[in-house]
Structures are given as C-alpha cells and as structure tokens.
Amino acid sequence: MANAKTNSEDYLRMYRQMVRIRTFEDNANQLYLSAKMPGLTHMYSGEEAVAVGICEALETRDKITSTHRGHGHCVAKGAEFKQMFCELLGKEEGYCRGKGGSMHIADQSNGNLGANAIVGGSMGIATGAAFTSKMLGRDDVAVCFFGDGATAQGLLYEVMNMAALWHLPVIYACENNGYSEYTKTEEIAAGSITDRARAFGIEAHQVDGQDVLAVNALTTDLVARARKGEGPFFIELMTYRYHGHHVGDINREYYRTKAEEKDWKENRDPIIRFRAHLITEGLATEDEIEAMNAEIAADAKAAVDYALDAKYPDQSEVDMHVYSGITHALA
Amino acid sequence: MREITLSQAVNEALAEEMRRDDTVFIIGEDVAEAGTPFKVLSGLVEEFGAQRVVDTPICEPGFMGLAVGAAMTGTRPVVDLMFGDFIFLIMDQLCNQAAKTHYMSGGKLSVPLVLRTNMGATRRSAAQHSQSLHALVAHIPGLKVAMPSSAYEAKGLMKTAIRDNNPVVIFEDKLMYQDKAPVPEEEYLIPFGVANIKREGTDITLIGTSSMVQVCEKAADILAAEGISAEVIDPRTIVPLDEATLLASARKTSRVIVVDEGHQSYGVTGEIASRINEKAFYHLDAPVLRMGAMDVPIPFSPALEDITVPTPEGVAAKARMLVAGEMIDAA
C-alpha cells in the first residue's frame, strides 16, 4: 500500500479539515435559519471523513467533481472560508463571483471542476478529466463524488463502461448516506451498488465512511494505482447525512427516526471518533484540540461577518461570463 | 479554384486543426475506421491514430459528458453526434453542463468543445433521423450555433469553432455532404457573427440558413426571370447573429422572408422575423414572413415528406405575393 497519512502533522490536518467542514456547515445553517442567505443549501455534516479522507489522498493538480451537497468537497480540496461564504451569499468575491451559489460552489484553482446541481450530472465531467490526463500523458487522477441516489442515473453506467474500456484514472466515489433525497436507499437501489461497478470489471470497495483513516488509506492506495494506469476504481463510502435533504427539510420523521439520527451522531461521528484516536495515540491533547476548534470557529465567524458586509456584484456583471472571450454577451 | 464536397471540406478542416493543435481530438460512434455513416471522417484515424479519433460505445450522454470534462481540463474535443435527432439524448450534458460552466464558475472554467451534428429532411429517414433541431440549442445562452450552407462555409466555420473557447454546435445538412463548392487550397477561417450577402437585390430580402440558402438562391433565380430583384443573405451563424446586416437589408428592400428548415413554430424564422419587426418596422412595406418546416413529425413517405420543407417554388410564390402587396391584408 502506498503511504497513507501517518504522521501527526497529517493527522492533525485531517482533523482540522473535518472540523472546518462541520463549522462551515453550522454557520451556513445559521445563515439560512436567520434568513440571511438567499436560496437554500444541502448540508454535508456527518460525511466529513469521506471528503477529507479522499481529498487528503490527492494533490492539488488532481481533479474532483462535486455535487449539490458540495461544501465539504470544496473545503477538503483546499478552499478558503472567506470566498466560500461570499459565494453562499451571492457576493462579488465569491469563488464564482456569486453566479453559482451553494449548489455550484468550487475553488477551481485547486482542481475542483465544480459542484453540480443535476444529480449525477458530473459523472461525464470527471471521466473526461481522466481522459485528458491519459491523452496528454499527465498523471493526474479525477475523483467523481456522487451520492447513492445518483447511482440510479444511466450516465454512471455509460461512463464507467468507457472508463473501464480505456483504463482511465478516475475514482467513482459513491457517498452512500442512506437516503436518496427523502427516500431510503434500499427503496431505490436494487442489488449491490459495488457489484454494478464490478460488472464492468472495475475494482470496487466498500469502506466505513465515518473512519477518516480507513478512507484515506484506501484512497491513497487507489490513487497511486490509478496514476500507474490501473484505474478506474469504485468506492462506496457508508456514511450518514445529519441534516435533511436540504436545510428546509426539518420534519423528516416520515422517512427516518430521530433515534436513528441520534445513534449516528453519538456513536459514529467521524470527528468525535478521530478526536478520541488523536488523544489516545498522544498526537494531541484536549487543550490543543479545543484551541484548534476555537481558532476554526473564530475564522468562520470572521469570514461570515466579512461576507455579510461584502459587495454584491455590480449589475453590469449579469451578462459577463456567458461566453469566454466576450466581455458582455448582450452588449 | 478547386471544388470539393462539403464532406471533404469538413474532413480537411478537422485534419488541419488536428495537425495544428495536439489537444484536438474527435470522439463519437464509429468515427474511426468507419469514418461515420456519411464517411465524413474517412482517413483521419489513419493519420491521427485511435487515441485522437476515438470510437465510443453507443452512449451519447456518456461521451458528450466525457467531452465536457475533457474540454474543461485542457483538450479540445470535437464530438460527433451521428444524427441531429440524438441531441435530445445529450441535452443535460450540452445545455446544463457545457453551456453553463463558464458562467456558473464566474468565468474561471471554460468548455472549448465542438459538437458536430447534422440536420435536414427529404432523405426518406422518417421522424427520428430527419429533424433540424438547431433552434433548441440556439435558445440556450452559452452555446454558439453555426449552420454552414456550402463546403466553403463548412470548412471555415469548423476551423473557427475548434479554436473558439466556448461550446459550439455545428449543424451540417446531411443532404449536402456530396455537394461541391469552390474551396481555396490556402488556409482561411470564417468569423462567427458575420452574415454573407450571397446575392444583392432591391425588391425583397430572402434570409436562409444551411441548405435553405440554396433554396433562396433558386427562388431568386425564378423571381429574377419575372423582374423581381431578390437579395439573399446567409447568416452563417445563428448565435451570434449578424443582426446589423439583416436589418440593413430589410431597410433597403422593405420586404423579408426568413427560410429555415427547423419547425416553423417557436423557431429560428420567428426569432429573426421578430427582430426585424422590432428594429426595422417603419421601413417595412409588408409583414415579415416565416417559412420553416411544417409543424408535423417528418413523415417517411416521399409523397408526404417533400411537402414538409420549403422549396424554391414555394419561396418564390410567397415573395411574388409580398412584392405585389397581396400579403399585407393577411397580416
């Protein structure tokens, strides 16, 4: 197995990234609940070990495609709070100059090819990024994040077929959080999800998505092998979505119980688990972890305050970026 | 000047651009050894190899999506969609992904992609292999749409499309693949958004797209024999549209017929007619007429199919009525 994150600096960085995602989401939720955020958003809370375990196995040049539940991937691939909150609020300094919002948030300079609001919509894009890598003789890898709900889309099977035929360096990362919007996954997915990938001859793994070290170790190995032309790969990451499908999905007992949510939050939380590991292994003290958490909370608050006061884009930007090379499409 | 077929012109354009830029590649169904059912791509795989002339499984959304991702990461795909009718299969990847990526990323990502496909009825291919669906694509901001009317345009517009940093859709009329036209040996490009005045006239303007340019020219011949002077204009690209040239002609002749092979309702003819009405109204002596394909699925029987598309005689008849003032009451 290639080198997974093993030293204390790497471990602390993974912990920090998971807490940054949770903190970002807690603030985003508050912005929604206090009606300071336009539109709505889909929380990544509970799934942090997936994005962080995978993205910590990648280099900046590696590509990812993200989903409507994409804040976690964005943070994990290296984005900053300030530009992220600006994007969430539709401000000029957002990563997409306020044109994308929560569902299209991405720090493109770190290899994030965008969050996609069509379920399964980015599967071709990630596969195409891997095609470029192979065609141009690069060794970058592409990771395609999507949910269990997206496994019902036909596009996945079309692109896995091509990726397998052409040995493309792409990793299909299925975040199985148990629910396809408001419906249990078992009601929408026949048979085994990993077996579907295996039908194309794609090596498929299932991993505990609440265990950041397990996710990172597996991904690190697969990334190294994909760089050598052994791809594609498929990973099903068993995880859980703490919030509803979106922030407005409050009363959800018709599709899942509070007891179930409580169990995942108290007994399988990826941050609580990894924090305990860090302390048991002597990699950090309680005080150090509390200090890190406080620093992240302060960063987030400062970024939120900044974004709330930041400028909206000038109205003249409305017809900018419609076409590359044309400043104003309607001029 | 030498004359070559439209098919050869497209082939030459692709070969020249692939020699010029190693990142250009062709992808689609049976594009390599088969050279497409129309043999437009014959010989290219022999020169450029299977890595750059890529045969795919039959999965239009899959290879279209793959091409979008490839374009976003440093290559210039030319996607071959065997029949224009299959555009319905790729609508999400074309219209939700390719068309919007530049905008949603605030200008940070681009999709330099060409979608080559075809249009045109009267080939006895029935309702799913005969449609002219360019209006659907032209409706979506972020896409450019080119409609070559001869081998000369087919080559020059293709070369421009490949060098453009935006998604461009080129509709070739499949009945024109064997039509010859003068094409210079030396390199040339045709800029987008520049209409071509095919024939000057003073009494009426006939605006035609793709093969309807020939229909308009034949109609102009018929009219000339009767002493009616028709101006024929080929917009060459419908997005961007050279509105200024069309308006100048409308102001000069005061009568306009717009002829296009898409269905007449909610189509290109209506859009162009509307712009002329809005911006040249006081110069008009007659209502601007639309002549598109009949609003029925394209029938198989030759007896039925031939009456669904505009003909030179039909265009000449309408023009005659407009010039005689007979259509004014019908408005």
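The values are calculated or read from the model by the stated rules, or taken from the named source; none is laboratory data. Fair warning: this is a prediction, and the values are worked out from it, not measured in the lab. Neighbour counts are summed over all protein chains in view; Cβ atoms, including those assigned to glycine, are modelled from backbone coordinates with ideal geometry.
Name the residues in the stretch A:226-279 that are in contact (Cβ under 8 Å) with a residue 60 or more places away in the chain, among the charged types (D, E, K, R) and part of a helix (DSSP H, G or I), would you?
Correct list: A:Arg227, A:Lys265, A:Arg273, A:Arg275.
Tell me whether the stretch A:140-149 contains one or more residues that are among the charged types (D, E, K, R), surrounded by 22 or more Cβ atoms within 10 Å (Cβ to Cβ) and over 30 Å from A:Arg196 (Cβ atoms). Walk me through how you get there before you give the answer.
Within the stretch A:140-149, the first condition is being among the charged types (D, E, K, R), and the residues that meet it are A:140, A:148.
Within this subset, residues satisfying the condition of being surrounded by 22 or more Cβ atoms within 10 Å (Cβ to Cβ) are A:140, A:148.
After this cut, where a residue has to be over 30 Å from A:Arg196 (Cβ atoms) as well, the list is none.
No: the stretch A:140-149 contains no residue that is among the charged types (D, E, K, R), surrounded by 22 or more Cβ atoms within 10 Å (Cβ to Cβ) and over 30 Å from A:Arg196 (Cβ atoms).
Which condition number does A:Val215 fail, the rest of (1) touching a Ser or Thr at 6+ places or on another chain (Cβ under 7 Å); (2) closer than 25 Å to A:Met103 by Cα being met?
Result: A:Val215 passes all but (1).
Among what's in the stretch A:104-121 and is facing chain B (nearest Cβ under 8 Å) and within 13 Å of the chain's Cα centre (by Cα), pick the residue that is nearest to A:Gln153 (Cα to Cα). Walk me through how you get there before you give the answer.
So the first thing to find is which residues in the stretch A:104-121 are facing chain B (nearest Cβ under 8 Å), and the list is A:104, A:106, A:108-109, A:113-114, A:116, A:118, A:121.
Within this subset, residues satisfying the condition of being within 13 Å of the chain's Cα centre (by Cα) are A:104, A:106, A:113-114, A:116.
Values: A:His104: 20, A:Ala106: 23, A:Leu113: 20, A:Gly114: 19, A:Asn116: 14 Å.
Among residues in the stretch A:104-121 that are facing chain B (nearest Cβ under 8 Å) and within 13 Å of the chain's Cα centre (by Cα), the one nearest to A:Gln153 (Cα to Cα) is A:Asn116.
Quick check: anything in the stretch A:175-183 within 13 Å of chain B (Cβ to nearest Cβ) and either in contact with a Leu (Cβ under 9 Å, 6 or more places away or on another chain) or within 14 Å of A:Ile64 (Cβ to Cβ) (or both)? Give the steps one after another, and end with the answer.
Applying the first criterion (within 13 Å of chain B (Cβ to nearest Cβ)) to the stretch A:175-183 yields none.
The answer is no, given that none of the residues of the stretch A:175-183 is within 13 Å of chain B (Cβ to nearest Cβ) and either in contact with a Leu (Cβ under 9 Å, 6 or more places away or on another chain) or within 14 Å of A:Ile64 (Cβ to Cβ) (or both).
Could you check the stretch B:92-134 and list, in sequence order, the residues that are facing chain A (nearest Cβ under 10 Å) and in a helix (DSSP H, G or I)?
First, pick out the residues of the stretch B:92-134 that are facing chain A (nearest Cβ under 10 Å): B:92-93, B:96-113.
Across the stretch B:92-134, the qualifying residues are B:Asp92, B:Gln93, B:Asn96, B:Gln97, B:Ala98, B:Thr101, B:His102, B:Tyr103, B:Met104.
Just one of A:Leu330, A:Leu308 is within 30 Å of A:Gly90 (Cβ to Cβ) and in contact with a Lys or Arg (Cβ under 8 Å, 6 or more places away or on another chain); which is it? Give the steps one after another, and end with the answer.
Numbers: A:Leu330 fails: in contact with a Lys or Arg (Cβ under 8 Å, 6 or more places away or on another chain).
A:Leu308 is the lone residue from the list that is within 30 Å of A:Gly90 (Cβ to Cβ) and in contact with a Lys or Arg (Cβ under 8 Å, 6 or more places away or on another chain).
Scan A:Gly78, A:Gly120, A:Gly98 and give me the residue that is modelled with pLDDT of 95 or more, outside any helix (DSSP H, G or I) and within 21 Å of A:Gln17 (Cβ to Cβ). Steps first, please.
Working: A:Gly120 fails: within 21 Å of A:Gln17 (Cβ to Cβ); A:Gly98 fails: within 21 Å of A:Gln17 (Cβ to Cβ).
The conditions single out A:Gly78.
Within the stretch A:125-161, track down each residue that is in contact with a strand residue (DSSP E or B) (Cβ under 9 Å, 6 or more places away or on another chain) and more than 23 Å from A:Tyr44 (Cα to Cα). Outline the logic, then answer.
If we filter the stretch A:125-161 for residues that are in contact with a strand residue (DSSP E or B) (Cβ under 9 Å, 6 or more places away or on another chain), which is where we start, we get A:125-133, A:135, A:140-153, A:156, A:159-160.
Scanning the stretch A:125-161 gives A:Thr127, A:Gly128, A:Ala129, A:Ala130, A:Phe131, A:Thr132, A:Ser133, A:Met135, A:Asp140, A:Val141, A:Val159, A:Met160.
Regarding the stretch B:65-79, can at least one residue be identified that is more than 12 Å from chain A (Cβ to nearest Cβ), over 23 Å from A:Asp62 (Cβ atoms), of a type in the set (Val, Ile, Thr) and surrounded by 15 or more Cβ atoms within 10 Å (Cβ to Cβ)? Spell out the reasoning first.
Looking only at the stretch B:65-79, we keep the residues that are more than 12 Å from chain A (Cβ to nearest Cβ), and these are B:78.
Still in the running and over 23 Å from A:Asp62 (Cβ atoms): B:78.
Retained after the next criterion (residues that are of a type in the set (Val, Ile, Thr)): B:78.
Narrowing the set further to residues that are surrounded by 15 or more Cβ atoms within 10 Å (Cβ to Cβ) leaves B:78.
Among the residues of the stretch B:65-79, at least one is more than 12 Å from chain A (Cβ to nearest Cβ), over 23 Å from A:Asp62 (Cβ atoms), of a type in the set (Val, Ile, Thr) and surrounded by 15 or more Cβ atoms within 10 Å (Cβ to Cβ), which makes the answer yes.
Does A:Asp309 count as more than 22 Å from the chain's Cα centre (by Cα), within 14 Å of another protein chain (Cβ to nearest Cβ) and among the acidic types (Asp, Glu)? Working first, answer last.
Working: more than 22 Å from the chain's Cα centre (by Cα): yes; within 14 Å of another protein chain (Cβ to nearest Cβ): no; among the acidic types (Asp, Glu): yes.
So A:Asp309 does not fit the description; no.
Among (1) in contact with an Asp or Glu (Cβ under 9 Å, 6 or more places away or on another chain); (2) surrounded by 21 or more Cβ atoms within 10 Å (Cβ to Cβ); (3) not basic (Lys, Arg), there is one condition A:Phe24 misses while meeting the rest; what is its number?
It is condition (1) that A:Phe24 fails.
Condition (residue is more than 13 Å from chain A (Cβ to nearest Cβ), in a loop (DSSP other than H, G, I, E, B) and not hydrophobic (A, V, I, L, M, F, W, C)) applied to the stretch B:42-61: is it met by at least one residue? Spell out the reasoning first.
Taking the stretch B:42-61 first, the residues more than 13 Å from chain A (Cβ to nearest Cβ) are B:42-47.
Now restrict to residues that are in a loop (DSSP other than H, G, I, E, B): B:42-43.
Applying the additional criterion that residues be not hydrophobic (A, V, I, L, M, F, W, C) yields B:42-43.
Yes, the stretch B:42-61 contains a residue that is more than 13 Å from chain A (Cβ to nearest Cβ), in a loop (DSSP other than H, G, I, E, B) and not hydrophobic (A, V, I, L, M, F, W, C).
Against the definition (surrounded by 15 or more Cβ atoms within 10 Å (Cβ to Cβ) and out of contact with any strand residue (DSSP E or B) (no Cβ under 9 Å at 6 or more places or on another chain)), how does B:Glu29 come out, yes or no?
Details: surrounded by 15 or more Cβ atoms within 10 Å (Cβ to Cβ): yes; out of contact with any strand residue (DSSP E or B) (no Cβ under 9 Å at 6 or more places or on another chain): no.
For B:Glu29, the condition - surrounded by 15 or more Cβ atoms within 10 Å (Cβ to Cβ) and out of contact with any strand residue (DSSP E or B) (no Cβ under 9 Å at 6 or more places or on another chain) - is not met.
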